[in-house]
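**Student:** My structure is below; once you've seen it, I'll send some questions.
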Number of protein chains: 2
Amino acid sequence: MSTLDRAHAVLRVTADLVILTVRKGAMHVLVIERGNEPFHGMLALPGGFLRADETLEEAAGRELAEETGLDGGRLYLEQLRSYSDMERDPRGRVVTVAYLALAPDLPIPTAGTDARAARWEPVEKIMAAGLAFDHGRILADAIERARAKLEYTTLATAFCGDSFTVSELQDVYEAVWGVSLDRRNFNRKVTHAAGFIEPTGQKRQSAAGRPAVLYRRGPAATLSPPMLRATIDRNVD
Amino acid sequence: MSTLDRAHAVLRVTADLVILTVRKGAMHVLVIERGNEPFHGMLALPGGFLRADETLEEAAGRELAEETGLDGGRLYLEQLRSYSDMERDPRGRVVTVAYLALAPDLPIPTAGTDARAARWEPVEKIMAAGLAFDHGRILADAIERARAKLEYTTLATAFCGDSFTVSELQDVYEAVWGVSLDRRNFNRKVTHAAGFIEPTGQKRQSAAGRPAVLYRRGPAATLSPPMLRATIDRNVD
DNA sequence: TCAATAGTGTCTGTGAGACACTATATC
DNA sequence: GATATAGTGTCTCACAGACACTATTGA
């Protein structure tokens, strides 16, 4: 315990969250308006310091529950990566471990127990306007991770509710990737991929048109062959 | 600076390294024999505490240079993930950020400036025998990451030298995945994938047989379509 | 019956898997 | 020429992309 070499940095660690959802055809991120210095009044990612009696996963889950009012156990949550640049926090040396959470389109994020103003904002707008600290970079990394994961995992369903239609699932892919997909090929792909989605036997009636069959998440975690994000760069020999 | 809430953990951070290579048809990992308590005499992953004046990436690169004698700039190095379980280090609260490095079959890892006994060991043997701390789990995560990355990136070449034959590249895939691949299909795949490998125009003579054409790394970072790891689980309707 | 959304079928081209022969070196 | 390794060609099947028609609801 006293083997502490004086060259070793002694520091604080935060768990910050990139909580993504899809609403109205666009990817949104949960941001808070900072009530304290530094960056008072600016938008930032939710997060907080790691406490002495919890792991990073517990801290991330705690922040998730505080900011969204949801119990973190129901949302998909994975570690993104760590950030340790010297100058990233004006308060001193802080290492941040960022987490990526994927959520269905929640009614509205409750303001949270610490009464910070949390709200959904389109990622496009946020990426253009910027965030406090190096949170813009963290958000960019999270978006790229989410885009990649939609290719080779079944995680797109994490953006949907417990039951969902094929159209809703396609909306997720189109919003996250920013592309449009062929409805017929998409339907064939997701219904033929083993364990991706399962019919519930129920249907849902939208405003107009034929009712859509409802599906739930299947047991598979990965998609093989993957869903292809875009037209592949073809070799030209 | 004095806004430190007493609930916040103040702790030390280490950067630990999983350095993988392929030699004699098997994946190997660089391990050190611990000279101090705790876990004196046991094998562990190389690593060390983050210093006050460096980032995690710099700490990882520094450890890499110290342990292998190579300048880290020449090796592939990526962040793996963070580990923060309460009981993972008997000395107290330590959060570790693990890094994954891929190296060609180095002549021999020099003992390093801190004179710790560093050596290559087959991952299979190490996974069976265990490691100090939670390094066994970190190694398992690193291996799974490496296996996955070989599918959809061109990282296999990081295990090879500056120039290499198709056979050597195939040996990498077979060692990392623990499978055997068809030579003819493998050759077609890697030579037709845009930007994966480029012929150098030279050849290399092995002990016997026809000389093999030498290749170098191409500009592509990702493989699409990916290299398939195994026979795909087919849907049975 | 019209508008709106859901669902299905076919054709084609790329590419992976299975498989056998030819080429070029050393001994 | 025997042995060892390198390199290539063909067939088939899975599946992605392009594309148009049918089905089922409410207004």
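Taken together, the values in this text are just the output of simple stated rules run on the coordinates, not laboratory data. Note that the structure is a prediction, hence the values are computed from the model and not measured. Here the Cβ positions follow ideal geometry from the backbone for every residue, glycine too, while neighbour counts run over all protein chains shown.
**Student:** At 0.36 nm per residue, minus the direct Cα-Cα distance, what do residue A:10 and residue A:140 gain on full extension? Give it in nm, one decimal, please.
**Tutor:** 44.0 nm
**Student:** Springs between alpha-carbon atoms under 10 Å, Gaussian network over chain A: tell me which of A:209, A:41, A:136 tops the mean-square fluctuations.
**Tutor:** Largest GNM mean-square fluctuation: A:209.
**Student:** Taking 7 Å along the Cα-to-C-beta vector as the label spot, tell me the residue B:40-residue B:221 distance in nanometres, rounded to one decimal.
**Tutor:** Result: 4.6 nm between the two label points.
**Student:** So which residue, out of B:161, B:92, B:218, gets the largest mean-square fluctuation from a GNM of chain B using Cα contacts under 10 Å as springs?
**Tutor:** B:92
**Student:** Assuming R0 = 56 Å, can you tell me the calculated FRET efficiency for the pair residue A:183 and residue B:74, based on Cβ-Cβ distance, to the nearest 0.05?
**Tutor:** Between residue A:183 and residue B:74 the formula returns 0.70.
**Student:** A follow-up question, please. Out of A:98, A:65, A:142, any idea which swings most in a Gaussian network model of chain A, alpha carbons joined below 10 Å?
**Tutor:** Taking springs between Cα atoms under 10 Å, the residue moving most is A:65.
**Student:** A further question on this structure: How do B:228, A:43, B:17 rank when sorted from fewest to most other Cβ atoms within 10 Å of their own Cβ?
**Tutor:** So the residues, fewest neighbours to most, are B:228, A:43, B:17.
**Student:** In addition: Equivalent-ellipsoid semi-axes (√(5λ), Cα gyration tensor) for the protein assembly as shown, whole Å, largest first?
**Tutor:** Listed largest to smallest, the semi-axes of the protein assembly as shown are 38, 34, 19 Å.
**Student:** Considering all alpha-carbon pairs of chain B, what whole percent are spaced by more than 24 angstrom?
**Tutor:** Summing the P(r) of chain B above 24 Å gives 50 percent of all pairs.
**Student:** Using only Cα atoms, what Kirkwood radius does region A:12-149 have, in angstroms?
**Tutor:** Final number for the Kirkwood radius of region A:12-149 is 14.9 Å.
**Student:** Only bridges whose two residues both fall in the protein assembly as shown count here: according to DSSP, what percent of them are antiparallel, nearest 5?
**Tutor:** Rounded to the nearest five, the antiparallel share is 75 percent.
**Student:** Which percent, to the nearest 5, of DSSP beta bridges fully inside chain A are antiparallel?
**Tutor:** Among the beta bridges of chain A, antiparallel pairing accounts for roughly 75 percent.
**Student:** Then there is this: Just list whichever of A:24/A:149; A:149/B:189; A:189/B:189; B:24/B:203; A:189/B:24 have alpha carbons separated by over 31 Å in the model shown.
**Tutor:** Checking Cα-Cα distances, A:189/B:24 exceed 31 Å.
**Student:** Note the full-extension length gain between residue B:62 and residue B:174 as 0.36 nm times their separation in residues minus their Cα-Cα distance, in nm to one decimal.
**Tutor:** Gain in length upon complete extension: 37.2 nm.
**Student:** Mean projection of the alpha-carbon convex hull of region A:153-217 over all orientations, in nm²?
**Tutor:** Average of the hull's projected areas for region A:153-217 equals 4.6 nm².
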